[in-house]
Amino acid sequence: MLTFLIDYCKAICPLTNEVVDDILKYAEVREYRKDELILKPGMVANYACFVLKGIVRSYYIKDVEEVTTKFLQEASTITSIYSFYSRKPGNEYIMALEDTTLACFHYDNMQRLYKDHPSFNVIGRVITERYLYFSEIELYNLRKTNAEDRYQFFVKHYSTLLQRVPLKYIATYLGMNLETLSRVRGRIK
C-alpha cells in the first residue's frame, strides 16, 4: 500500500533508495473505520497523514452545529495545519467518512526527513503548494453569496465527492442547510 505514496513522491521529485528507505521507515500505516475520529479539539496534531485509501473530513462545532472545512481523499495530506506546525492543541475534528488507510508521519520524523534529504524538502514544498492552491479555490467558492453558484463550483472542482460524501456534510461545507442544498440540486437538474 505504501507503493502508492512512494509513486506519488517520485512523480514530484526523483528519489534515491536512501530516501525511499527512510520514508518507508517513518511512515506509520493506520486504519480507521467509517465515522472514526482521527483528531479531536484540544489534541496536538502530532502527525501529518497521506490518504492512501478513503476519504476524511475536517470540521469544527459552531453553535452546536458541525461546520465542514475540508474533504480530503486519496493522494491528499491531512492534519490540523495550525496544531501540527505550532505544536499547540488544535480546535478541529478530523473524521474518516469511509474506511480509511493513512500513511502517518510524526512531526519529529518529518523534520528528520527534511533535514536528511533535500529531495524530501521539494516534496514537502510541492504538497504545501497544492494544499494552498486548493485552499484558495475553496475560499473563493465560499465567498460567493449565491448558494447555486457555490454548489456549481463544488460540482465542477470536486465532482467525485458527490458520490462518496453524505449531502449533509456537503451542505455544511457550502454554508447552507440540507434543505437549501436539496432545492439547489433540484433547480440545477
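Since every read-out is calculated from the coordinates, none of them should be taken as a lab result. Computed from a predicted structure; not experimentally measured. For neighbour counting, all protein chains shown are included, and Cβ atoms are generated from backbone atoms with ideal geometry for every residue, glycine included.
Side notes on the structure shown:
- Two-site FRET efficiency, D21 against N91, from Cβ-Cβ distance with R₀ of 45 Å, rounded to 0.05: 0.80
- Computed about the Cα centre, the dipole magnitude for region 2-143 is approximately 280 debye when only Lys and Arg (+1) and Asp and Glu (-1) carry charge, each at its Cβ.
- C-alpha long axis of helix 17-26 to longest principal axis of the chain, angle in °: 60
- Qualifying GluC sites (Glu not before Pro) in region 1-94, DSSP loop, other Cβ atoms within 10 Å at most 14: E36
- Applying a DSSP loop filter and a limit of 13 other Cβ atoms within 10 Å to the trypsin sites (Lys or Arg not before Pro) in region 4-46 leaves R33, K34.
- Mean-position separation - Cα centroids, region 5-66 and region 134-148, in angstrom: 25
- Each residue, K168 and E31, gets one label point 7 Å from its Cα in the Cβ direction; the gap between the two is 2.7 nm.
- Under 27 Å from the Cα of K53 - lysines, other chains or at least 8 residues apart: K10, K25, K34, K40, K70, K156, K168
- Tilt relative to the chain, helix 2-12 - C-alpha long axis, 0 to 90 degrees, to 10: 90
- Between the Cα long axis of helix 147-158 and the first principal axis of the chain there is an angle of about 30°, rounded to the nearest 10.
- Between Q111 and E66, the FRET efficiency from the beta-carbon distance, with R0 = 30 Å, is close to 0.35.
- Peptides 96-106, 149-159, 177-187 ranked from most to least packed, by the mean per-residue count of other Cβ atoms within 10 Å: 96-106, 149-159, 177-187.
- Computed over the chain, the per-residue total of -39500 (n - 2.57) for DSSP H runs of n ≥ 4 gives a 222 nm mean residue ellipticity of -15000 deg cm²/dmol, rounded to 500.
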